[in-house]
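Below: the structure, in structure tokens.
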Amino acid sequence: MTMYRMRQREFIAALIGAVLELRQAMLDLARRHRDTLFAAHTHTQPAQPTTIAHYLLGVIEQLERDVTRLRAAFASTNRSPLGSCAITGTGFPIDRQVTSDLLGFDAPTGNTYGSIATVDYLLESVSATGVMLAGLGRVIQDLLLWCTQEFGYLRLAEGLVQGSSIMPQKRNPVALEHARAIASKALGQGAAIVTTVHNTPFGDIVDTEDDLQPLVAAMFQDALRAVALVAASMRGAELDVAKLESRAAEGGTTLTELADHLVRDRKIAFSTAYAIAAKFLRIRREQPDTPAGTALARASADLPGGPVQYQDEEIARITSPRHFVEVRRTPGGPAPAETTRAIALSHDVLDRDRTWLDQTYEALRDADARRRQRSQML
């Protein structure tokens with residue numbers, strides 16, 4: 001049980017390190033694209049304009065929470081069961097604190113029965129890894145969609161794509177495809193781990209030992225491979241800024257701001273403003289030559305105070321994707337000033353997590369050195 005925990009803490013620390021590298025790659029990309037507009041999708045349909053930085057920060061914050069969960073799992077794992085013996089401890093005068101320190105654990109485990117029987121520390125790290133992989137898989141789906149010729153938003157570096165044996169034009173984004181497959185495989189292995197220990201006796205049993213540990217090792221290895229592949233893809237990624245921005249306003253994505261503007265400027269109830277904006281879009285689609293000001297006046301003709309009168313240029317400004325993003329300065333919003341602040345905060349979190357990881361590895365190295373020194377004295 002001591003050896004399992006020692007090996008597992010190595011797996012968790014390595015995975016945390018890989019996630020930190022992915023966060024760094026995404027932060028670098030977000031910094032370069034604070035002003036890059038694109039159409040965010042909801043329910044797989046164009047919804048509202050935002051920025052690439054805004055999207056990436058949402059992913060980065062998710063990965064920050066993943067590291068919080070993995071660090072908690074590390075803490076649960078990094079307790080020494082050595083000295084619990086078969087299950088009831090021993091009558092010999094051993095010092096569990098000394099062996100715990102020399103093996104780099106934070107402290108000994110408590111109850112000797114539970115030290116041998118429990119498997120919750122393992123399931124905690126498996127679950128934290130599964131949550132991370134499930135979230136990352138959703139992002140991979142987006143990135144693969146962005147790589148399609150139909151979208152054309154994202155271009156991976158040459159070493160991360162693959163050609164076709166018969167179609168010379170192909171640039172298949174296989175690095176992300178491999179990441180998706182490997183992450184799914186790791187998720188399946190995690191489910192198998194939980195299933196293997198489910199409904200087993202609370203005691204010393206083979207189900208949680210030799211037959212299970214290779215599956216644990218494989219799950220962590222595949223999780224690390226998936227994260228590393230996505231990080232490599234992000235480091236060499238190129239985004240088509242012009243194409244992203246050209247589509248940011250397609251499909252009426254800025255109509256929410258038109259309705260909001262009517263609420264702020266004309267004190268109209270949002271439900272009424274919403275209906276006017278929807279009717280405005282319908283008129284413009286059915287009669288594309290109708291000037292924007294005329295369309296808005298017709299759409300608002302039934303207002304008690306008379307139709308809304310705006311110049312075409314004013315409507316163009318209100319419904320521009322850039323204006324849409326700029327006015328959304330809510331904490332966590334897409335305005336460049338806000339994403340700049342958020343990027344700085346995420347860098348601070350990344351630095352703290354890196355410091356924790358460096359200190360963790362240093363503590364393990366120190367324990368190893370003290371153990372070797374003490375063994376030479378015997």
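The values are calculated or read from the model by the stated rules, or taken from the named source; none is laboratory data. For clarity, every value in this text was computed on a predicted model and none was experimentally measured. As a convention, Cβ positions derive from the backbone with ideal geometry for all residues, glycine included, and neighbour counts pool all protein chains shown. Keep in mind that these areas ignore ligands, DNA and RNA; they rest on the heavy atoms of the full protein, side chains included. Shrake-Rupley method; radii C 1.70, N 1.55, O 1.52, S 1.80 Å.
Would you mind putting 193-203, 79-89 in packing order, based on average other-beta-carbon counts within 10 Å, highest first? Kindly include the intermediate steps, with their values, before the conclusion.
Details: 193-203: 12.6, 79-89: 17.5.
The most tightly packed comes first, giving 79-89, 193-203.
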Principal-axis tilt of helix 52-77 within the chain, Cα atoms, nearest 10 degrees | 20
What the 10 Å binned alpha carbon P(r) of the stretch 57-163 shows, as percent of pairs per bin from 0, is 13, 27, 21, 16, 12, 8, 2, 0
Can you list residues whose amide H is under 5 Å from GLN162's amide H, if they're 5+ apart or on another chain and H is modeled 1.01 Å from N?
-> ASN172, VAL174
Against the longest alpha carbon principal axis of the chain, how many degrees, from 0 to 90 and to the nearest 10, is the axis of helix 213-235 turned?
-> 40
Taking one equal scatterer on every alpha-carbon of the chain, how large is log10 of I(q)/I(0) by Debye at q = 0.06, 0.10, 0.13, 0.14 1/Å?
-> -0.36, -0.79, -1.05, -1.14
Projected-area mean, the stretch 103-193, by convex hull of Cα positions, square nanometres | 9.5
With all protein chains present, the chain has a carbon and sulfur share of its accessible area (1.4 Å probe) in percent of 54
For GLN48, enumerate residues with amide H under 5 Å from its amide H, sequence gap 5+ or separate chain, H modeled in the peptide plane.
-> ALA40
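Per the helix-only calculation at 222 nm, which mean residue ellipticity applies to the chain, given -39500 (n - 2.57) for every DSSP H run of n ≥ 4 and division by its residues, nearest 500 deg cm²/dmol?
-21500 deg cm²/dmol
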Total formal charge among the other residues, if their Cβ is under 15 angstrom from that of GLU338, Lys/Arg +1 and Asp/Glu -1 | +3
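Using Cα pairs closer than 8 Å and at least 6 residues apart in sequence, work out the relative contact order for the stretch 224-297, in percent.
In percent, rounded to a whole number, it is 20.
For a protection proxy built on the mean count of beta-carbon atoms within 10 angstrom, sort 46-58, 330-342, 163-175 highest first, please.
Descending mean neighbour count gives 46-58, 330-342, 163-175.
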Over the chain, with neighbouring protein chains present, the accessible area per residue in Å² at probe 1.4 Å is 50
Cα-based helix-to-principal-axis angle, 270-286 vs the chain, degrees rounded to 10 = 70
With contacts defined as alpha carbon pairs under 8 Å and 6 or more residues apart, what's the relative contact order of the chain in percent?
-> 23
State, to one decimal in nm², a quarter of the convex hull surface area for the C-alpha atoms of the stretch 196-333, i.e. the direction-averaged projected area.
-> 16.1
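Just need the Rg to Rh number for the stretch 135-260, please, alpha carbons only, Kirkwood Rh.
1.18
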